[in-house]
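One structure below.
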Amino acid sequence: MRRTDAFPQNHLRFSFPAQVVVSDPPQVRRVASALFALPTPPPGVYNGPADLGVTYHLTFFAGARLALTVTVDATGMETVEGVGAKRTADQSFWATLAMAMRLPDPGGVAFGGTVARS
């Protein structure tokens, strides 16, 4: 997992590093399964929360071979691309990812970052 921040001038803070490797096969399978189980949004135009530009790039390998790369927006509409149809991340997905990364507080809030205080 690698995090990118399109707007570093927002000075967001995170409780975990920008790059985390999960090498436990059962945890990796849980994250992959959670991605494919996410809902596809119904067609239409949506208004959503502000997109602060925080994106997670999840790269899956089968042995040494690159198997899949998925991007997940942690803010805004929380879109997921790279698993067929565009999907929307939900709290269950964020909790699964947090557990795989061994974060102390599983949940989606940690993935969006917090504003640094001066």
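For Val80, which of the numbered conditions (1) part of a loop (DSSP other than H, G, I, E, B); (2) modelled with pLDDT of 90 or more; (3) in contact with a Ser or Thr (Cβ under 9 Å, 6 or more places away or on another chain); (4) under 21 Å from Asp5 (Cβ atoms) fails to hold?
(1)
Can you give me the number of residues within segment 49-77 that are at pLDDT 95 or above and charged (D, E, K, R)?
The total comes to 1.
Can you pull out the residues in segment 76-118 that are within 19 Å of Val20 (Cβ to Cβ), among the polar types (S, T, N, Q) and surrounded by fewer than 19 Cβ atoms within 10 Å (Cβ to Cβ)?
Listed by number, the list holds a single entry, Thr114.
Return the pair list, or none, for Cβ contacts closer than 6 Å from residues in segment 1-16 that are in a strand (DSSP E or B) to residues that are exposed (fewer than 13 other Cβ atoms within 10 Å of the Cβ), at least 6 apart or on different chains.
Arg2/Gln19; Arg3/Ala18; Arg13/Thr114; Arg13/Ala116
Could you go through segment 100-116 and let me know if any residue there is part of a helix (DSSP H, G or I), closer than 17 Å to Arg2 by Cβ, touching a residue at least 24 places away in the same chain (Cβ under 8 Å) and touching a Gly at 6+ places or on another chain (Cβ under 9 Å).
no
Tell me which residues, restricted to segment 22-49, are of a type outside the set (Lys, Arg), surrounded by 10 or more Cβ atoms within 10 Å (Cβ to Cβ) and under 14 Å from Leu97 (Cα atoms).
Within segment 22-49, Val22, Asp24, Gln27, Val28, Val31, Ala32, Ser33, Ala34, Leu35, Phe36, Ala37, Leu38 meet the criteria.
Kindly indicate whether any position in segment 32-45 is part of a loop (DSSP other than H, G, I, E, B) and touching a helix residue (DSSP H, G or I) at 6+ places or on another chain (Cβ under 7 Å). Walk me through how you get there before you give the answer.
Residues of segment 32-45 that are part of a loop (DSSP other than H, G, I, E, B), as a first pass: 38-45.
Those still in the list that are touching a helix residue (DSSP H, G or I) at 6+ places or on another chain (Cβ under 7 Å) too: 38.
So far as segment 32-45 goes, yes, one or more of its residues are part of a loop (DSSP other than H, G, I, E, B) and touching a helix residue (DSSP H, G or I) at 6+ places or on another chain (Cβ under 7 Å).
The values are calculated or read from the model by the stated rules, or taken from the named source; none is laboratory data. Note that this is a predicted model, so its numbers are computed, not measured. Because the Cβ atoms are built from the backbone with ideal geometry, glycine has one as well, and the counts that use them run over all protein chains shown.
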